[in-house]
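See below for the structure under consideration.
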Amino acid sequence: MKYFFIIFLLIPPFLYSQINISTSGNEIKNFPIVSNSGEASIFYDSSENILIKKSAEFLAEDIERVTGRKPGVSEAQKTTDSNMIILATVGNNRLVKELIDQGRINVDPLKDQWERFIIQTIKDPFPGVKNALVIIGSDRRGVAFGVFSLSEKMGVSPWYYWADVPPEKSEFLSLKPLEYVSDAPSVKYRGIFLNDESPALRNWAKEKFGGFNHKFYEKVYELLLRKKANFLWPAMWLPTVFAEDDPSNPKVADEYGIVISTSHHEPMMRAHDEWGRYGGGAWNYETNKEKLQEFWKGGVKRIKDYESVVTVGMRGDGDEAMSEGAAVDLLQEIISDQREIIADVMGKPAEETPQVWAIYKEVQEYYDKGMRVDDDIIILFSDDNWGNVRILPKKEDSTYEGGFGMYYHFDYVGAPVSYRWQNVTQIERVWEQMQLTYEWGVDELWIANVGDIKPMELPISLFLDMAWDVDSTNADNLPEYYVDWAAQQFGSKHAADIAEILSLYTKYNARRTPEMLTPETYSIKNYREADKILSEFRKLTAKSEALLTELPENYKAAYQQLVHAPLEMSANVNEMYIAAAKNKFYAELGATVANRYADTVKKLFEKDADLTRQFHEEIADGKWNHMMSQTHLGYTNWNHPPANKMPSISYIQERDTATPGYNLEYGTEPSWHGFSVEGDGLYSESFSAFDPVNDQKYYIEIFNRGNKELPYEINTKDEWINLSSNKGLIQYYEKVYVSIDWENVPKGTSRGEIEILSKGQSYTVEVPITTDLPKVSGFVENNGVIAIEAENFSHNREGENVSWKVIPNLGRTGSSILVNPMDAERQEPNGKTAMVEYKFTTFEDANLNIETYVSPTQNYQKNEGLKFAIAIDDEEPQIININENEIKPDWEYADWWTQSVADHIKKSISEHKDIKAGIHTLKVWAMDPGIVIQKFVIDAGGLKPSYLGPPESSYVD
């Protein structure tokens, strides 16, 4: 008989490590869930909330998913079954009460608690019963969370339906003896917002379920419970109305224990589209007060018997501002009147019905001006729609009774350009911003705008895992989160490799959303940037393709939708825009290869459509049709185009004869783009200087401007100049790499020459070299630039109260450092403050400009801005304010904001005068929490335009 064993990696360590499942059939001391003698029976009390019965049924189904054998489910009673599983809330099950009376179970930790649970095994609980497993909740959701905790341990992923993740099959299941008591959740209300859900999710739901009805929502509710969540803003894009399109929607939500609320611009449990259906006239409280009150009263009546959180306040119609100014008095009147309606309809004081006021967009201006609400109302702050928290509570507000929430985005329709198609969110940024949020006292409500759910499975998982247990993930174990999550979905064998793909493809996508890519995004000319982007995507895609072939067949559908298809689609779009950029670049040079790149753009554009078709038709036999139907190419403003549009391309007229041209990497700016026009005679230009420390390898690009094969020859009189090729025959172009044999350079030599011969023409290129260099240490200047990834400090001094902490993988190119703890008071740059140091070397006396690349953190403290300090050597520290000149309230459309969220970076500039050639130390002091530094670029006069900045400089120890 074959036994299967679940190894450690299959069980994420943050998920209740005390709960251990064995799949062996001979674990005598364990509680046998499924064994040779049969399946343990599942019992619940009929007097309990319906969610307890549903949880029992889910547990039975999950056991069947793993073992193929389904336990019986029935109402609690004395039984002769050898092994029984009992589900109950405190005080509502007579069998559990008997065990409590016998002193076999202690439920004191659950009394008057929110969503806690006990999982405990008991030997000989009743006469004739050998074993009992009890899952007791402090409330109905506590029971469900206990059940789904056990399901995860058995190998059933929360994403089994939404991503077709297969369970690890086992013939037997048993639970090792335990007495586990869960902690209370870190955040009280935890959930998601289905938004911007057309055309993808809407059309998918229509095809599979007939629309956004209760059958559809049951799948959403189940996912939420499996992820230990309890809160939902339902889909609301026109013409969707949650409570009217299917009146069973709110009823079934309550049966699942899901707390329904409405979004920031849908007060009083009314969906946005309802007002039009209601025919109430103007959405204006000053002119149409009675109709609005009548409308809102109907919304509250509808949820009177259900657990809900009522959104109060008001925004303008269509998710717009209510007025041009901050109408504080009017909004306070509106909320006061709404609370009277709530009290009247519910038949109890307003403070006994949970409420939330969303501080979103212009409403924050009201809050900033001092508007406050009754102290039982949750104040829901928000990010800037791009994952950067806008405001957090003042420390003096930490005792506010209503508590604070955060509305966060993985998907957005709005300025500067909407992002909805793929996952463009690094979980490291989610962790950093939500950890910051939590440490500043926001723990009453967390909700994430997740768009269509797919393909946001990974950030949804982290967001909800943190909301349940914020301590489960930290800066040090973020890399492990990828591995554990991959292992949960695909098994342990390939988990590390899949984790790397997940961490990198989301990093690459987060650099620039696919919707914002243009042919101009990445530099074709400087730092080999565009080619590096292509290489990274191609390497990762090839690795993913290899893994796809190695995975067992039953994992392939899940792998395609969670990993491979999003990566392949994103890689294709990046390659298409870079091909369009090369088409333009070479067309301007008159190079024939421009036409080849034009053809490539068309092929990649067609491939984009085909990849979408494959996702819709081939993955899981077409289960996810429509899910990738969001247009994503050809944006000209914030809103999506009506159809995907290919980037512009051009064709050139090819000459009927081979005609040479050339282009130098790191060369002086050439006339005529580096080629000679017939009759001009010889043309000479020069590379930038080579030096033995950086040991550069630059290329000469020989290109053809005709449609016949082009012969070329490259010669040099200097034996110390190495060429990767000295002749060839090309159709389009070829790169010949030039490097220096430093050991054979004659003393005193400062330059050499290369001669390019082709079609009877001769071109001379100078090769300057620098041998008289100062002593070097640390990061070394190359062509007037030094680039340093923030994680690569030479020294990290901890302060008395704070430290710089490395966050692996956070950022566009490397890892980042942040100020820890995240709720620290402002520090002053002195000998007691946390400081990182970086050694670097410059070759000439110069004035240096330092660009510090920081994450685009908002000034969440609403003071003069977030600060750090910087200096070279013994300079007086310069105080850098990363939020300087950021004027409110027009933050969403200000140039600084548009630039920072589009680039996912801010560049803070500091000037350093009269820095002598030689070895120096860059010093950076921690001042404010919230500062996240990704990279430093020191410009000694040679910095060239690029998107990601120059690659990290060579380091000499």
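The values are calculated or read from the model by the stated rules, or taken from the named source; none is laboratory data. Source: prediction; values computed, not measured. Cβ sites come from the backbone with ideal geometry, for glycine too, and all protein chains shown count toward neighbours.
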In contact with a helix residue (DSSP H, G or I) (Cβ under 6 Å, 6 or more places away or on another chain), among the charged types (D, E, K, R), in contact (Cβ under 8 Å) with a residue 12 or more places away in the chain and on the phi < 0 side of the Ramachandran plot: does that describe Lys602?
no
If you go through region 53-78, how many residues are closer than 17 Å to Leu99 by Cβ and surrounded by 17 or more Cβ atoms within 10 Å (Cβ to Cβ)?
1
Working only within region 42-61, note down all residues that are hydrophobic (A, V, I, L, M, F, W, C) and touching a residue at least 24 places away in the same chain (Cβ under 8 Å).
Ile42, Phe43, Ile50, Leu51, Ile52, Ala56, Phe58, Leu59
Restricting attention to region 514-561, the residues that are of a type in the set (Val, Ile, Thr) and either under 16 Å from Lys584 (Cα atoms) or in the same structural domain as Trp162 (by TED's automatic domain parsing) (or both) number exactly 3
Matching entry among Leu848, Leu818 (being in contact with a strand residue (DSSP E or B) (Cβ under 6 Å, 6 or more places away or on another chain), among the aliphatic types (A, V, I, L, M), within 30 Å of Phe537 (Cβ to Cβ) and not assigned by TED's automatic domain parsing to the domain that holds Gln731)
Leu818
Filter region 337-366 down to the residues that are over 19 Å from Lys297 (Cβ atoms) and either in a helix (DSSP H, G or I) or not assigned by TED's automatic domain parsing to the domain that holds Asn388 (or both) and list them by number.
Val363, Gln364, Glu365, Tyr366
Here are some residues: Leu225, Leu201. Which one is within 22 Å of Arg140 (Cα to Cα), assigned to a helix (DSSP H, G or I) and not assigned by TED's automatic domain parsing to the domain that holds Leu133?
Leu225
Being charged (D, E, K, R) and assigned to a loop (DSSP other than H, G, I, E, B) is the filter here, so list the residues in region 228-269 that pass it.
Lys228, Asp246, Glu266
Within the bounds of region 532-549, is there any residue that is in contact with a Pro (Cβ under 9 Å, 6 or more places away or on another chain), polar (S, T, N, Q) and touching a residue at least 40 places away in the same chain (Cβ under 8 Å)?
no
Test of understanding: among Met322, Met406, which residue is aliphatic (A, V, I, L, M), assigned to a loop (DSSP other than H, G, I, E, B) and either more than 25 Å from the chain's Cα centre (by Cα) or at pLDDT 95 or above (or both)?
Met322
Has region 606-625 got any residue that is over 24 Å from Lys525 (Cβ atoms), part of a loop (DSSP other than H, G, I, E, B) and among the hydroxyl-bearing types (Ser, Thr, Tyr)?
no
Being in a loop (DSSP other than H, G, I, E, B), β-branched (Val, Ile, Thr) and in the same structural domain as Phe703 (by TED's automatic domain parsing) narrows it down to one residue among Thr764, Thr813, Thr749; which is it?
Thr749
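Report, by residue number, each residue of region 219-246 that is out of contact with any Asp or Glu (no Cβ under 9 Å at 6 or more places or on another chain) and under 19 Å from Gly191 (Cα atoms).
Lys219, Val220, Glu222, Leu223, Leu224, Leu225, Ala229, Phe231, Leu232, Pro234, Phe242
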Enumerate the strands (runs of 3 or more DSSP E) found wholly within region 843-957, keeping only those where 3 or more residues are touching a Gly at 6+ places or on another chain (Cβ under 9 Å).
846-854, 918-926, 932-939
For region 276-296: of the residues being buried (at least 18 other Cβ atoms within 10 Å of the Cβ) and in contact (Cβ under 8 Å) with a residue 40 or more places away in the chain, which is nearest to the chain's Cα centre (by Cα)?
Trp296
Reported set for region 432-453 where residues are out of contact with any Lys or Arg (no Cβ under 6 Å at 6 or more places or on another chain), farther than 18 Å from Asp384 by Cβ and either among the hydrophobic types (A, V, I, L, M, F, W, C) or surrounded by fewer than 22 Cβ atoms within 10 Å (Cβ to Cβ) (or both) is Tyr438, Glu439, Gly441, Asp443, Leu445, Ile453
Return the residues of region 709-730 that are surrounded by fewer than 15 Cβ atoms within 10 Å (Cβ to Cβ), part of a loop (DSSP other than H, G, I, E, B) and either modelled with pLDDT under 95 or not acidic (Asp, Glu) (or both); say none if nothing qualifies.
Lys717, Ser724, Ser725, Asn726
Quick check on region 136-173: of everything there that is in contact with a Phe, Trp or Tyr (Cβ under 6 Å, 6 or more places away or on another chain) and of a type in the set (S, T, N, Q), which residue is farthest from Glu39 (Cα to Cα)?
Ser149
Collect the residues in region 681-696 that are assigned to a loop (DSSP other than H, G, I, E, B) and at pLDDT below 85, keeping them in residue-number order.
Gly681, Leu682
For region 63-98, how many residues meet the condition of being assigned to a strand (DSSP E or B) and either touching a residue at least 40 places away in the same chain (Cβ under 8 Å) or more than 13 Å from Tyr44 (Cβ to Cβ) (or both)?
7
So which of Asp254, Asp273, Asp245 ends up being in the same structural domain as Asp374 (by TED's automatic domain parsing) and in contact with a Pro (Cβ under 6 Å, 6 or more places away or on another chain)?
Asp273
Within 46 Å of the chain's Cα centre (by Cα), under 23 Å from Lys525 (Cα atoms) and outside the structural domain of Leu818 (by TED's automatic domain parsing): which single residue out of Val785, Val738 fits that description?
Val738
Residues that are out of contact with any Asp or Glu (no Cβ under 6 Å at 6 or more places or on another chain), assigned to a helix (DSSP H, G or I) and under 18 Å from Met154 (Cα atoms): does region 41-50 have at least one?
no
Name, by its number, the condition in (1) within 21 Å of Val310 (Cβ to Cβ); (2) assigned to a loop (DSSP other than H, G, I, E, B); (3) of a type outside the set (S, T, N, Q) that does not hold for Pro393.
(1)
Considering residues of region 638-668 that are in contact with a Phe, Trp or Tyr (Cβ under 7 Å, 6 or more places away or on another chain) and assigned to a loop (DSSP other than H, G, I, E, B) only, the residue modelled with the lowest pLDDT
Tyr666
Considering residues that are surrounded by fewer than 22 Cβ atoms within 10 Å (Cβ to Cβ) and on the phi > 0 side of the Ramachandran plot, the number found within region 79-116 is 3
I'd like the residue in region 726-783 that is without any contact (Cβ under 8 Å) to a residue 40 or more places away in the chain and acidic (Asp, Glu) and, out of all such residues, is nearest to Ala587 (Cα to Cα).
Glu734
